[in-house]
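The values are calculated or read from the model by the stated rules, or taken from the named source; none is laboratory data. Computed from a predicted structure; not experimentally measured. Cβ coordinates were reconstructed from backbone atoms using ideal geometry, including for glycine residues, and neighbour counts include every protein chain displayed.
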Amino acid sequence: MTTTINNNPLAQTFVPAGSKKSWLVGNARLVDFSGLWLSAHIAHAGLIMLWAGATTVMEVARLDLSLPLGEQGLLVLPHLAMLGIGIGEGGTIVDTDGFFAIGILHLAASAVLGAGGLFHLTTGADKLEIVGGKAKKFHFEWNDPRALGVILGHHLLFLGLGALAFVLRATQWGGIYDANLQSVRIVDAANIDPLRIFGYLFGQTASGWNPWGMAAVDNLEDIIGGHIWLSGLLIFGGIWHIIVPMLGWAKKVLRLGPDALLSYSLGGLAFMAFTSCLFVSHNTVAFPPEFYGSDRLMAANIQAGLAVVALVGHLWHAYRARTEAPMSADAFAWLQPEPIAIPSQTIDLEQQSE
């Protein structure tokens, strides 16, 4: 007597019939597998690193030093220039070695992340709860607010450290480009006045009320001061969510589940994209014309388009969360799901019994 079993965790997931529809499911097939969920996220980070590194290297190769950076239609190098890398007086590029080194660093990081994603897919546990050590604490269940809070806390910590790194770059590690002076300088007097910084949220600036809100900021001192506040709040929030369990009122107000958490993330992404649209179109301190060009309407429209897509996704998944439609195989029944074809292992039970 023989029987066929499948010990691959992906065999328990699902995909819709037909390759034309499988992209609609995406990582939804992994919602019950924290280990595979981690694998997908690491691999995704690797793809982002690969794009950033490859784009940087290609833009360095096609860079024309005889033309202003803002007239060459580049995507990545203007951001590096804003950080003061390889920039001289008047916003001119004096050294491209830093650009190239950063591109190669991102390509190397993408390889490491890609290997990490493959490791967790092929060798790691499909669920982190069966792993020993510190990795076990990152296992999550959608009805466990404590585990979800710990994961949220670590995300906030990394965002806070990123904002802090930008602050240190501006104040300690070489400085950033100041469009008002057209030179790279150290920001040694960042403004951390809470009334001034948080007043931008309501359009209140040093010159009075301005309908552009945060995008009306016109100096580096306020920009860096805002990032100091941002990094502090994010790091504090990260520590808070790691240490303190979800409060009672939050459990009553907030819904937990794949659709709900995805909805929250897309809502935040939409807000940031709309804010970015305002900055790109209006603010010449954060987006100097020397690097980004004088006509940034196309870039602003792209940000607005991405914001609308994220907002629609937020509303869709919020609706699904409110109606308690689970993001599982049942939720995609209309796509005619069928099992993944995974190589199986055949075992002769009679020989084993002997």
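Could you tell me whether segment 190-211 includes any residue that is in contact with a Gly (Cβ under 7 Å, 6 or more places away or on another chain), in a loop (DSSP other than H, G, I, E, B), touching a residue at least 40 places away in the same chain (Cβ under 8 Å) and not assigned by TED's automatic domain parsing to the domain that holds Met82?
No; the residues of segment 190-211 include none that is in contact with a Gly (Cβ under 7 Å, 6 or more places away or on another chain), in a loop (DSSP other than H, G, I, E, B), touching a residue at least 40 places away in the same chain (Cβ under 8 Å) and not assigned by TED's automatic domain parsing to the domain that holds Met82.
How many of the residues making up segment 53-73 are of a type in the set (Asp, Glu) and under 16 Å from Val94 (Cα atoms)?
Adding up the residues that qualify gives 2.
Checking the structure you have, find out if any residue of segment 263-271 is in a helix (DSSP H, G or I), farther than 25 Å from Gly203 by Cα and in contact with a Lys or Arg (Cβ under 9 Å, 6 or more places away or on another chain).
yes
Applying the selection to segment 239-280, what residues are in contact (Cβ under 8 Å) with a residue 40 or more places away in the chain and within 30 Å of Gly91 (Cβ to Cβ)?
Thr275, Leu278, Phe279
Filter segment 184-231 down to the residues that are polar (S, T, N, Q) and modelled with pLDDT of 95 or more and list them by number.
Those that are polar (S, T, N, Q) and modelled with pLDDT of 95 or more: Asn191, Asn219, Ser231.
Taking segment 71-122 on its own, how many of its residues are in a helix (DSSP H, G or I), of a type outside the set (Phe, Trp, Tyr) and either farther than 22 Å from Phe166 by Cβ or at pLDDT 95 or above (or both)?
32
Say whether the condition of being under 30 Å from Lys252 (Cα atoms), out of contact with any Asp or Glu (no Cβ under 8 Å at 6 or more places or on another chain), buried (at least 18 other Cβ atoms within 10 Å of the Cβ) and in contact (Cβ under 8 Å) with a residue 12 or more places away in the chain is met by at least one residue in segment 175-189.
no
Looking only at segment 150-174, filter to residues that are closer than 13 Å to Ile235 by Cβ and touching a helix residue (DSSP H, G or I) at 6+ places or on another chain (Cβ under 6 Å); which one of those is surrounded by the most Cβ atoms within 10 Å (Cβ to Cβ)?
Ranking the candidates gives Val167 first.
Name the pairs: first residue in segment 121-140 and under 16 Å from His41 (Cβ atoms), second residue hydroxyl-bearing (Ser, Thr, Tyr) and surrounded by fewer than 16 Cβ atoms within 10 Å (Cβ to Cβ), Cβ to Cβ under 7 Å, at least 6 apart or on different chains?
none
Scan segment 156-174 and tell me whether some residue there is part of a helix (DSSP H, G or I), β-branched (Val, Ile, Thr), in contact (Cβ under 8 Å) with a residue 40 or more places away in the chain and closer than 29 Å to Val280 by Cα.
yes
Per-residue answers, yes or no, for (1) at positive phi; (2) in contact with a Lys or Arg (Cβ under 9 Å, 6 or more places away or on another chain); (3) among the small types (Gly, Ala, Ser):
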residue: Met214; (1), (2), (3): no, no, no
residue: Gly225; (1), (2), (3): no, yes, yes
residue: Ile228; (1), (2), (3): no, no, no
residue: Gly232; (1), (2), (3): no, no, yes
residue: Ile235; (1), (2), (3): no, no, no
residue: Ile239; (1), (2), (3): no, no, no
residue: Met246; (1), (2), (3): no, yes, no
residue: Asp259; (1), (2), (3): no, yes, no
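Scan (1) surrounded by 15 or more Cβ atoms within 10 Å (Cβ to Cβ); (2) within 19 Å of the chain's Cα centre (by Cα) for the single condition Pro288 breaks and write down its number.
Result: Pro288 fails condition (2) only.
Conditions: (1) surrounded by 14 or more Cβ atoms within 10 Å (Cβ to Cβ); (2) within 28 Å of Ser265 (Cβ to Cβ); (3) modelled with pLDDT of 95 or more. Ala147 meets all but one. Number of the miss?
The single condition Ala147 does not satisfy is (3).
Which residues, taken from segment 56-92, are of a type in the set (A, V, I, L, M, F, W, C) and either surrounded by 20 or more Cβ atoms within 10 Å (Cβ to Cβ) or touching a residue at least 40 places away in the same chain (Cβ under 8 Å) (or both)?
Correct list: Val57, Val60, Leu69, Leu74, Val76, Leu77, Leu80, Ala81, Met82, Leu83, Ile85, Ile87.
With the requirement that a residue be aliphatic (A, V, I, L, M) and not in a helix (DSSP H, G or I), what does segment 129-151 give you?
From segment 129-151, those aliphatic (A, V, I, L, M) are 130-131, 135, 147-148, 150-151; that's our starting set.
Across segment 129-151, the qualifying residue is only Val131.
One residue is enough: does segment 38-55 have a residue meeting the conditions without any contact (Cβ under 8 Å) to a residue 60 or more places away in the chain, crowded, with 18+ Cβ neighbours inside 10 Å and out of contact with any His (no Cβ under 6 Å at 6 or more places or on another chain)?
no
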